[in-house]
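A.B. asks: My questions will all concern the structure given below.
Coordinate-derived values only; no laboratory data. Just so it is clear, the structure is predicted and the values come from calculations on it, not from any experiment. Counting neighbours? That spans all protein chains shown, and the Cβs are built from the backbone with ideal geometry, glycine included.
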Amino acid sequence: MDMSPEFILVAFTLVLAIIQIGAAGMARTAELGAKWNAGPRDGENQPPGKLAGRLIRAQANLFETLPIFIGAVVIASIEGKFGVLTFWGTHLYFFARLIYVPLYAFGVPYIRSLVWLVGLAGLLMIIAALFV
């Protein structure tokens with residue numbers, strides 16, 4: 001059985017999540033060193049620098065909506081609601097999330113927020129498909 005486009009985009013989003021975890025971790029390790037990374041990280045650490053902080057926040061931002069995205073796609077699949085709304089919604093969500101990371105990392109204002117809204121619109125399209 002072939003995977004639907006919606007589930008392919010879910011899979012790509014999961015890969016993106018893993019990449020974001022690694023990018024944030026590598027940026028933090030670059031700041032604090034391999035010894036910190038390998039250690040137990042007990043006690044207080046210095047606040048993250050600009051890049052690490054931005055990557056950590058971008059990762060947290062993805063993780064806020066990721067369960068909703070996955071849940072909506074799974075429900076749409078179970079209920080036989082895949083169609084135009086879910087197809088375009090998953091694409092908008094994924095590509096907006098993909099574009100959002102470098103925009104956040106480089107500190108690009110306004111456009112980053114607009115891209116976030118595009119991702120939200122994609123998510124809302126998937127949820128809307130559940131009711132039509």
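A.B. asks: Compute, for the chain, the length of the dipole vector about the Cα centre, with Cβ point charges of +1 (Lys, Arg) and -1 (Asp, Glu) only. Units Debye, rounded to 20. Can you show the working numbers first?
C.D. replies: Details: 9 positive and 7 negative charges, 84 e Å.
Dipole magnitude for the chain comes out near 400 debye.
A.B. asks: By how many degrees, between 0 and 90 and to the nearest 10, does the Cα long axis of helix 111-129 differ from the longest principal axis of the chain?
C.D. replies: 40
A.B. asks: Along the positive direction of the dipole of the chain (beta-carbon charges: Lys, Arg +1; Asp, Glu -1; about the Cα centre), which of P102, V118, H91 reaches farthest?
C.D. replies: Of the listed residues, the answer is P102.
A.B. asks: Scan the range 11-63 for trypsin sites (Lys or Arg not before Pro) in coil per DSSP, keeping those whose Cβ has at most 13 other Cβ atoms within 10 Å, and list them by number. Write out the running numbers ahead of the final one.
C.D. replies: Numbers: sites: R28, K35, R41, K50, R54, R57; in loops: R41.
Hits after loop and neighbour filter: R41.
A.B. asks: Here's something else I'd like to know. Using only DSSP helix segments of four residues or longer, with each worth -39500 (n - 2.57), what per-residue ellipticity at 222 nm results for the chain after dividing by its residue count and rounding to 500?
C.D. replies: -27000 deg cm²/dmol
A.B. asks: Relative to the longest principal axis of the chain, what angle (0 to 90°, nearest 10) does the C-alpha long axis of helix 50-78 take?
C.D. replies: 20
A.B. asks: While we're looking at this one, here's another question. Just to be sure I understand, if you calculate P(r) over Cα pairs in 5 Å bins from 0, in percent for this structure, which of [x] 2, 11, 19, 19, 15, 12, 9, 7, 4, 2, 0; [y] 2, 8, 11, 11, 9, 6, 5, 5, 5, 5, 5, 6, 5, 5, 4, 4, 3, 1, 1, 0; [z] 2, 11, 24, 27, 23, 12, 1, 0 do you get?
C.D. replies: Of the labelled values, this structure produces [x].
A.B. asks: Can you give me the angle between helix 84-105 and the longest principal axis of the chain, using Cα atoms only, in degrees from 0 to 90, rounded to the nearest 10?
C.D. replies: 10
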